[in-house]
Amino acid sequence: MLTADRFRLYSRQIIGVASVLVILYLNFGDKLRFPVFLRQPKMSFIGTNSSRFVDQGSGELFFINGWNSYWLMDQSVWSSSRPRVSEIFRRGAGMRLTVCRTWAFSDGGEGGSAALQIAPGVFDERVFQALDFVIIEARRHRIRLILSLVNNLEAFGGKAQYVKWAKAAGVNLTSSPDPFFWHPTIKGYYKDYVKSILSRKNTYSGVKYSEEPAIFAWELINEPRCFSSSSAPVLQSWIAEMAEFVKTLDQKHLVTVGLEGFYGPEATDNLKANPGEWAALLGSDFVQNSAVKHIDFASVHAYPDSWIPNASIAEKAKYLANWVDTHVSNGEFVLKKPVLFTEVGSTPHMKEEGIHNRDLFLKIVYDRIYESAKKGQAGAGALVWQLLLEGMEDFGDEYSFVAWEQSSTYKLIVEQSCRLRHLFQNNDTSGKMSHGNPCVSLLH
């Protein structure tokens, strides 16, 4: 018979063991040689209903304010830098941000990065555990992740690394990276990679990636482009094939392409929205690519400083407003799918003016997203590119910044989080966390 005293003793023992495991995880997670199964916050998967995201747990509409930090897995490899990952999630949650986009790839290990995929289908378990850590930390802070599966660019390997692997295996290819989209050997490499990711069981939580609600969506490729003369049909076919493949392995998560949002030469009604004639020659088309059956939502990027560098501030602002409006309209009336601006970036040329310009451009995007959200339409949210922490300049580019050092931008981001949350979660109580609820003072 279990007496009250013995019950209290057992309870203390269980609590003590659990506390030790948590301490081990927080401090030595990368060195542990056994799984530590942690109890994590309950989260729901996100689905779609026509042009809107829907929380499948509550049934409420789900609009997004979030950010990019591509470096999370890279920094999780080392115990000395892992606290940065926890800290960026803590700060993001404190800004009421809900979605973070990051890389779930690192191919080949060139350029000093720790490779997740050393060779086709060969993985470094230490780096895989780093990705495990990113996912459980995101869930601990109630942040959802968009995980990108390969890079169009050469950073962290990208499609060029896949072509190198195929050539090393004896496949007769040119130096162009475009065979990534059509050669059966390379497509097989990519599918094997995707299967390994989706079937992965998290070392710390014991949850398979395909069953993890903290993963918001899979992104097939970051900024796909190809330059051969017949590239558009090739890329379109690749998107359709790979989106369907992901869905055969995982029916719970959303899938997007990772597009910049350019319109192809046949998109006569929308060509004027492009930043220049060059944008129609990259093999992609926003409407056609996003209309693929197994693509759940459309992704768009926005870089007015980079795309029309010689334009005036007023011209860039006008261009950006039309860029957002055109894509949101396509999502609502043509695609009937949500549209998420997964990268919004601006370059500060001079300190004071640059910060002002960044705020101006970001506010244009935010205001249009908010107006669409008020109508329950396709403008689903935006993710700023990209947030860093203090002392991380080496991980930045000309569009990266530390939001907490720029009060006007910080306030703008938080205000967007709060007014979107106020629209669809009037009874929100999740702000009762250790970081507090900034929306109380902003909206009341």
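The values are calculated or read from the model by the stated rules, or taken from the named source; none is laboratory data. If you're wondering where the values come from, they're calculated on a predicted model, not measured in any experiment. A quick note on method: Cβ atoms are made from the backbone with ideal geometry, for glycine too, and the neighbour counts reach across all protein chains shown. Remember, those area values only see protein heavy atoms, side chains included, never the ligands or the DNA or RNA. Shrake-Rupley method; radii C 1.70, N 1.55, O 1.52, S 1.80 Å.
Name the residues in region 333-357 that are open to solvent by 50 Å² or more (accessible area, probe 1.4 Å), part of a helix (DSSP H, G or I) and either at pLDDT 95 or above or on the phi > 0 side of the Ramachandran plot (or both), would you? Answer for region 333-357, where residues must be open to solvent by 50 Å² or more (accessible area, probe 1.4 Å), part of a helix (DSSP H, G or I) and either at pLDDT 95 or above or on the phi > 0 side of the Ramachandran plot (or both): PHE333, VAL334.
Yes or no, residue by residue, for (1) part of a helix (DSSP H, G or I); (2) in contact with a Cys (Cβ under 9 Å, 6 or more places away or on another chain); (3) surrounded by 11 or more Cβ atoms within 10 Å (Cβ to Cβ); (4) modelled with pLDDT of 95 or more:
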| site | (1), (2), (3), (4) |
| --- | --- |
| MET1 | no, no, no, no |
| ARG12 | yes, no, no, no |
| VAL17 | yes, no, no, no |
| ASN27 | yes, no, yes, no |
| VAL36 | no, no, yes, no |
| ILE88 | yes, yes, yes, yes |
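Of the residues that sit in region 143-188 and are among the small types (Gly, Ala, Ser) and more than 17 Å from TRP238 (Cβ to Cβ), which one is least open to solvent (accessible area, probe 1.4 Å)? Result: GLY157. Against the numbered list (1) open to solvent by 30 Å² or more (accessible area, probe 1.4 Å); (2) under 28 Å from TRP385 (Cβ atoms), ILE197 comes up short only at (1).
One line per residue, one yes/no per condition, for (1) in contact with a Phe, Trp or Tyr (Cβ under 7 Å, 6 or more places away or on another chain); (2) of a type in the set (Phe, Trp, Tyr); (3) farther than 30 Å from LYS252 by Cβ; (4) at pLDDT 95 or above:
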residue: ASN289; (1), (2), (3), (4): no, no, no, yes
residue: VAL292; (1), (2), (3), (4): no, no, no, yes
residue: ILE295; (1), (2), (3), (4): no, no, no, yes
residue: VAL300; (1), (2), (3), (4): yes, no, no, yes
residue: ILE308; (1), (2), (3), (4): yes, no, yes, yes
residue: ILE313; (1), (2), (3), (4): no, no, yes, no
residue: TYR319; (1), (2), (3), (4): no, yes, yes, yes
residue: TRP323; (1), (2), (3), (4): no, yes, yes, yes
residue: GLY331; (1), (2), (3), (4): no, no, no, yes
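Of everything listed in (1) of a type outside the set (Ser, Thr, Tyr); (2) open to solvent by 10 Å² or more (accessible area, probe 1.4 Å); (3) in a loop (DSSP other than H, G, I, E, B), the single unmet condition for PHE262 is (2). Each residue in region 376-403 was checked for being over 23 Å from VAL328 (Cβ atoms) and either open to solvent by 10 Å² or more (accessible area, probe 1.4 Å) or not small (Gly, Ala, Ser) (or both), and 15 of them qualify.
Yes or no, residue by residue, for (1) within 24 Å of the chain's Cα centre (by Cα); (2) over 20 Å from LEU335 (Cα atoms):
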| site | (1), (2) |
| --- | --- |
| LYS187 | yes, yes |
| THR203 | yes, yes |
| VAL255 | yes, no |
| PHE262 | yes, no |
| PRO265 | no, no |
| ALA279 | yes, yes |
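Within region 109-142, work out how many residues are part of a loop (DSSP other than H, G, I, E, B) and crowded, with 24+ Cβ neighbours inside 10 Å. So that I can check it myself, show each step before the final result.
Filtering region 109-142 for residues part of a loop (DSSP other than H, G, I, E, B) gives 109, 113-116, 120-121, 124, 141-142.
Adding the requirement that they be crowded, with 24+ Cβ neighbours inside 10 Å leaves 116.
Summing the residues that are part of a loop (DSSP other than H, G, I, E, B) and crowded, with 24+ Cβ neighbours inside 10 Å in region 109-142 gives 1.
Please work out which one of (1) assigned to a helix (DSSP H, G or I); (2) open to solvent by less than 30 Å² (accessible area, probe 1.4 Å) is the condition PRO83 fails and give its number. Of everything listed in (1) assigned to a helix (DSSP H, G or I); (2) open to solvent by less than 30 Å² (accessible area, probe 1.4 Å), PRO83 misses just condition (2). For region 358-372, state whether one or more residues are at pLDDT 90 or above, in contact with a strand residue (DSSP E or B) (Cβ under 9 Å, 6 or more places away or on another chain), within 30 Å of MET73 (Cβ to Cβ) and assigned to a loop (DSSP other than H, G, I, E, B). Checked against the condition, which is being at pLDDT 90 or above, in contact with a strand residue (DSSP E or B) (Cβ under 9 Å, 6 or more places away or on another chain), within 30 Å of MET73 (Cβ to Cβ) and assigned to a loop (DSSP other than H, G, I, E, B), region 358-372 yields no hits at all.
Working only within region 214-243, note down all residues that are in contact (Cβ under 8 Å) with a residue 40 or more places away in the chain, assigned to a loop (DSSP other than H, G, I, E, B) and open to solvent by 10 Å² or more (accessible area, probe 1.4 Å). Within region 214-243, GLU223, ARG225, PHE227, SER228 qualify. Number of residues in region 99-108 that are assigned to a loop (DSSP other than H, G, I, E, B) and either open to solvent by less than 20 Å² (accessible area, probe 1.4 Å) or touching a Cys at 6+ places or on another chain (Cβ under 6 Å) (or both) equals 3.
I need the full set of residues from region 157-183 which are over 19 Å from LEU116 (Cα atoms) and in a loop (DSSP other than H, G, I, E, B), in order please. Passing the criteria: ALA169, GLY170, VAL171, ASN172, LEU173, THR174, SER175, SER176, PRO177, TRP182, HIS183.
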